[in-house]
Amino acid sequence: MKQFLMVACMVFAFAKAYSQGPPITADKPIMLGGGSFTTKTLTEIRNTERGTAIYVPLMLHYLPTSNSLVAVHLPYINYNLDDANGSSLADIKLLGKYQFYRKDGTGKTFRMVAKTLQTLPTGEELDLMDLSTGKYAGYYGVVAGLETLKYGISSEIGYNSMPNGTMDEFRTKLGFGLPLLKPQYPNKQVNLYFEYTSAWLHERDWYQLLYAQGIQYARKNITFDLALQLPLVQDIPDNSALNYSVFLGTRYTF
């Protein structure tokens, strides 16, 4: 009986632990219960040799079931570039995810989801990858993740197709999460994130490998995110090279 209670407590604590703390620049396959809503934003301040853009999305996520998610991202962008200045609506994005595999253990879970992100050409044609291109694009990928009481690992591989542009992209991501506090209820956690993003734009013969160092504070059903992203490898024209990106985010689930 005592062993049963210990296992039950660990499972309960873990359920509360992994219900918070999504990666900052990466993605994860963990989903909350069906019928839940999440509002979030992840502002990106991107500084390149071409200038600076501030991207502010309002993201509304809804889980019709415990293994499916639909979302809309409504973004605003302010830009001060060498060849353009102003502010406007950026490219609206529609997100869909479906969890097709799940294996749970004591204090751990492994899951996989299919993911699609449809980018609508509502923004200015600024040639800012993932922010404002003014062109339709469809992304299709798979996200896998292992979550334990001591760490989390997430990975993603996919392809972004832009039929009327030249930003077709092979994309991979790898992230590691490290909680600094023991699981507790109500949820209270500080997480460190170490995240890598690889992007190959084969039509342009561009390649980037980026690293993001992030920290996150989670309290009950709200999180606060801060991350700095830097280039490790860049094989792109000098006038488009990334200097750094700063991410500031909040997330509220109800």
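So N67 ticks every box in (1) of a type outside the set (A, V, I, L, M); (2) surrounded by fewer than 16 Cβ atoms within 10 Å (Cβ to Cβ); (3) closer than 30 Å to Q184 by Cβ but one. Which box is left unticked?
Only one criterion in (1) of a type outside the set (A, V, I, L, M); (2) surrounded by fewer than 16 Cβ atoms within 10 Å (Cβ to Cβ); (3) closer than 30 Å to Q184 by Cβ is unmet by N67, namely (2).
Within segment 145-185, take every residue that is in contact (Cβ under 8 Å) with a residue 40 or more places away in the chain and open to solvent by 60 Å² or more (accessible area, probe 1.4 Å) and give me the one that is nearest to D235 (Cα to Cα).
L174
Restricting attention to segment 193-237, and to residues there that are of a type in the set (V, I, T) and open to solvent by 40 Å² or more (accessible area, probe 1.4 Å), which single residue is modelled with the lowest pLDDT? Talk me through it step by step, then tell me what you get.
Of all residues in segment 193-237, those of a type in the set (V, I, T) come to 197, 215, 222-223, 233, 236.
Among the residues that remain, those that are also open to solvent by 40 Å² or more (accessible area, probe 1.4 Å) are: 215, 222, 233.
Values: I215: 97, I222: 94, V233: 97.
Residue satisfying both the conditions and the ranking: I222.
I'd like to verify a number: residues in segment 121-174 that are part of a loop (DSSP other than H, G, I, E, B) and in contact with a Pro (Cβ under 8 Å, 6 or more places away or on another chain), how many?
Of the residues in segment 121-174, the ones part of a loop (DSSP other than H, G, I, E, B) are 121-127, 129-131, 133-136, 149-151, 162-168.
Right, trim to in contact with a Pro (Cβ under 8 Å, 6 or more places away or on another chain) and you get 123, 131, 133-136, 149-151.
Number satisfying all stated conditions: 9.
Would you be able to say whether some residue in segment 6-22 is of a type outside the set (D, E, K, R), modelled with pLDDT of 50 or more and not in a strand (DSSP E or B)?
Taking segment 6-22 as the starting set, the residues that turn out to be of a type outside the set (D, E, K, R) are 6-15, 17-22.
Narrowing further to those that are modelled with pLDDT of 50 or more: 21-22.
When the remaining residues are screened for being not in a strand (DSSP E or B), the result is 21-22.
Within segment 6-22 (the criterion being of a type outside the set (D, E, K, R), modelled with pLDDT of 50 or more and not in a strand (DSSP E or B)), the answer is yes, since at least one residue qualifies.
Give me the residue from segment 104-115 that is open to solvent by 20 Å² or more (accessible area, probe 1.4 Å) and modelled with pLDDT of 95 or more and, out of that set, farthest from M59 (Cα to Cα).
Step one: filter segment 104-115 for residues open to solvent by 20 Å² or more (accessible area, probe 1.4 Å), giving 104-106, 108, 110, 112, 114-115.
When the remaining residues are screened for being modelled with pLDDT of 95 or more, the result is 110, 112, 114-115.
Values: F110: 26, M112: 22, A114: 19, K115: 16 Å.
Checked segment 104-115; the qualifying residue farthest from M59 (Cα to Cα) is F110.
Looking only at segment 116-132, which residues are in contact with an Asp or Glu (Cβ under 6 Å, 6 or more places away or on another chain), open to solvent by 10 Å² or more (accessible area, probe 1.4 Å) and farther than 17 Å from Y159 by Cα?
Scanning segment 116-132 gives T122, G123.
The values are calculated or read from the model by the stated rules, or taken from the named source; none is laboratory data. If you're wondering where the values come from, they're calculated on a predicted model, not measured in any experiment. Here Cβ is always computed from backbone atoms with ideal geometry, including for glycine, and neighbour counts include all displayed protein chains. Remember, those area values only see protein heavy atoms, side chains included, never the ligands or the DNA or RNA. Shrake-Rupley method; radii C 1.70, N 1.55, O 1.52, S 1.80 Å.
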